[in-house]
């Protein structure tokens with residue numbers, strides 16, 4: 001199958017050591033603007049700016065994120081699930097979000 005996603009992003013939390021790094025990794029990995037507020041409201045604002053693009057996001061190191069800050073891991077997953085289904089699934093076919101654990105890939109639906 002041909003990759004039909006215009007933009008590919010990889011979030012990698014595998015080397016995360018501190019809560020303070022979480023939003024810096026997100027900002028850099030998702031190419032969020034300099035004014036990104038480094039909180040979950042700002043994350044939502046920036047991620048939904050991508051809604052009309054065809055986007056593929058891979059997430060690695062989710063276990064490390066959960067270990068460092070379980071609340072942030074839950075918030076990230078909730079936001080990405082909602083992003084996938086925003087506007088009554090109007091853009092859901094244009095968004096692919098995968099969690100990579102070892103050799104396994106789990107797509108968020």
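What follows is calculated from the coordinates using simple rules that are stated; it is not laboratory data. These figures come from a predicted structure and were not determined experimentally. Positions of Cβ are generated from backbone atoms using ideal geometry, with glycine treated the same way; all protein chains shown enter the neighbour counts.
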Taking every DSSP beta bridge that has both residues in the stretch 7-107, what percent is antiparallel when rounded to the nearest 5? 25 percent
Starting from the alpha-carbon convex hull of the chain, give the projected area averaged over all orientations, in nm². 6.9 nm²
So, in nm, how far is label residue 90 from label residue 39 when the simple model puts each one 7 Å beyond its Cα toward the Cβ? 2.7 nm
Could you give the nm distance between label points at residue 70 and residue 25, where each point is 7 Å from its Cα heading toward the beta carbon? 1.8 nm
Using helices alone, I'd like the mean residue ellipticity at 222 nm for the chain: each DSSP H run of four-plus residues gives -39500 (n - 2.57), total over residue count, nearest 500. -12000 deg cm²/dmol
Using 0.36 nm per residue, how much length does the chain from residue 53 to residue 5 gain when fully extended, once their Cα-Cα distance is taken away? 16.5 nm
Mind listing P(r) for the stretch 1-56? All alpha-carbon pairs, 10 Å bins, whole percents. 21, 49, 24, 5
